[in-house]
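The values are calculated or read from the model by the stated rules, or taken from the named source; none is laboratory data. Here the structure is a predicted model, which is why all the values come from computation and not from measurement. Cβ placement follows ideal geometry from the backbone for every residue including glycine, while neighbour counts extend to all protein chains displayed. Just the protein is used for accessible areas: all its heavy atoms, side chains included, with ligands, DNA and RNA removed. Shrake-Rupley method; radii C 1.70, N 1.55, O 1.52, S 1.80 Å.
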Amino acid sequence: MSVYDILAERGYIEQCTHEAELRELLEKQSVTFYIGFDPTADSLHVGHYVQVMVMRHMQNAGHRPIALLGGGTGMVGDPSGRTDLRQMMTVDTIDENCGRFKNQLARFIEFGEDKAICVNNADWLRELRYIDFLREVGSQFSVNRMLTAECFKARLEHGLSFLEFNYMLMQSYDFLELYRRYNCQLQLGGNDQWSNIINGVDLIRRLDGGQAFGLTFKLLTTSAGQKMGKTAKGALWIDERKTTPYDFYHYWRNIDDSDVENCLALLTFLPMDEVRRLGAYKDAKINEAKEVLAYEVTKQVHGEENAKKAAEAEKALFSKGGGEVPSIEMERSGFAEGMNIIDAYLAAGLITSKGEGRRLMEQGGVYVKDQQIKDFTHCLTLDDFEEDKLILRKGKKTFKQIHLK
RNA sequence: GGAGGGGUUCCCGAGUGGCCAAAGGGGGCAGACUGUAAAUCUGUUGUCGACGACUUCGAUGGUUCGAAUCCAUCUCCCUCCA
């Protein structure tokens, strides 16, 4: 079974420039391909992770990945699919983010020698000379055609700066550069990258007469079409300092029924017949599939150790008892005289204001040791702690353990 | 450079002197129902020493008993003209 078929079967593929030719090429030889990551934040998130999964599938099949860090394109900002102007980032931030991306990618992709390459387009984009670039690359683009591109639609209504309008040229040029340097013949990306990709393919053909391919993948969305991986605190990050392994696990454990099969296919390496078997579960049984999903994805991202811990903590909580819950250290002295319960919730970070605490309590969402508390003046004392630990609960699913020091 | 329109709470968006801590929707949180799901329904959604007080409607000053609303200056954004 070729990689193309694997990717297709697992449901990654959305659009392809030349399906038959690409399929043949991938079967015949090792192909160098690239995926670009713009350093828009200080950590990758699950959206990027789908791309990483594809890279791994490709690498397993003997192809050579190039991870392209957007140290240059990040200075311009991709307007695709956005309705507002991206905030401009400083060069320092961009370089810092690139460094972090690189470290994270190295956890999933084996770099080195002929296996995989990591490059930064700052190396060539920042050096570009304006006139030269306009003459070589700019002349190949038709503004008329660019304006009709889907990716600018949203922006034409609200305004699009010339800076961002150029993004497409930058990315197309990247592809050309990689084609020339590494004989990179294929660019992969999320489906929102389609127009950026096909323009790169075109550019290679026009300037070098070369044959290049583009392939895009489904964006990770819920069955309702919403972007996935959004939590109240923002994106679902790969960096465990931004999203703890527990929260990460929790997200997948609580996912919508109808998204289970899709996520298993895209985010794990489980064989497809297994994926389909799990995805077919109905009613309460589908919870088993969600456990598998949460465990597998967490294992890939945070390691087996963390995945086990998260799974145990989750189980322990819902079947009563302790387990490993997000915890916080607090001074023993604070409780010596008793601490007001709302103050304690605030200190533990479960609420952001006392007003919120009051509402929470009025609506019956405050529990200490499984006892619902309805008294604003209730105090927690050292007697409430067992072995210096006490679990505060907010609603049904949010917990925080106080650890005395 | 000229003319016009606009910046309201987490987001979108009403409000054009007191009835405004500010409609409505989205999102969030909690409750009911469930399967730790979805959908649905209910409540809630500025802060605090809480039947009260304090701080919010781009910024700073001003008019007024009283300003998100009126005036001045500044600032940012958008549209059209050149």
In this structure, is A:Lys354 open to solvent by 60 Å² or more (accessible area, probe 1.4 Å), more than 8 Å from RNA strand B (Cβ to nearest atom) and over 23 Å from A:Asn254 (Cβ atoms)? no
Given the conditions (1) away from RNA strand B (no atom under 12 Å from the Cβ); (2) under 17 Å from A:Tyr246 (Cβ atoms); (3) among the acidic types (Asp, Glu); (4) in a helix (DSSP H, G or I), every one holds for A:Glu329 apart from (4)
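Scan the stretch A:358-370 and tell me whether some residue there is in contact (Cβ under 8 Å) with a residue 40 or more places away in the chain and not in a helix (DSSP H, G or I).
Looking for residues that are in contact (Cβ under 8 Å) with a residue 40 or more places away in the chain and not in a helix (DSSP H, G or I), one finds at least one in the stretch A:358-370, hence yes.
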Given (1) touching a helix residue (DSSP H, G or I) at 6+ places or on another chain (Cβ under 7 Å); (2) over 16 Å from A:Leu69 (Cα atoms); (3) among the charged types (D, E, K, R), index of the condition A:Asp202 fails: (1)
Mind counting the residues in the stretch A:289-307 that are over 17 Å from A:Pro271 (Cα atoms), among the polar types (S, T, N, Q) and in contact (Cβ under 8 Å) with a residue 60 or more places away in the chain? 1
Consider the stretch A:1-50. How many of its residues are touching a strand residue (DSSP E or B) at 6+ places or on another chain (Cβ under 8 Å) and either at positive phi or among the small types (Gly, Ala, Ser) (or both)? 5
When you check A:Tyr345 against the structure, is it more than 30 Å from A:Leu278 (Cα to Cα) and within 12 Å of RNA strand B (Cβ to nearest atom), yes or no? yes
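Yes/no matrix, rows are residues, columns are (1) at pLDDT below 95; (2) surrounded by fewer than 22 Cβ atoms within 10 Å (Cβ to Cβ); (3) touching a Gly at 6+ places or on another chain (Cβ under 6 Å):
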| site | (1), (2), (3) |
| --- | --- |
| A:Asn191 | yes, yes, no |
| A:Asp202 | no, yes, no |
| A:Arg205 | no, yes, no |
| A:Leu219 | yes, yes, yes |
| A:Gln226 | yes, yes, no |
| A:Lys230 | yes, yes, no |
Residue hits (the stretch A:312-337; surrounded by 14 or more Cβ atoms within 10 Å (Cβ to Cβ) and modelled with pLDDT of 90 or more) are A:Met330, A:Phe335
Pick from the stretch A:4-37, criterion of a type in the set (Ser, Thr, Tyr) and open to solvent by 20 Å² or more (accessible area, probe 1.4 Å), ranking: farthest from A:Thr73 (Cα to Cα): A:Ser30
Yes or no: A:Ile351 part of a loop (DSSP other than H, G, I, E, B) and touching a helix residue (DSSP H, G or I) at 6+ places or on another chain (Cβ under 6 Å)? yes
Determine whether the stretch A:253-261 contains at least one residue that is within 12 Å of RNA strand B (Cβ to nearest atom), open to solvent by 70 Å² or more (accessible area, probe 1.4 Å) and touching a Phe, Trp or Tyr at 6+ places or on another chain (Cβ under 7 Å). no
Kindly provide the set of residues from the stretch A:381-405 that are part of a loop (DSSP other than H, G, I, E, B), within 16 Å of RNA strand B (Cβ to nearest atom) and touching a Gly at 6+ places or on another chain (Cβ under 7 Å), ordered by number. A:Gly395
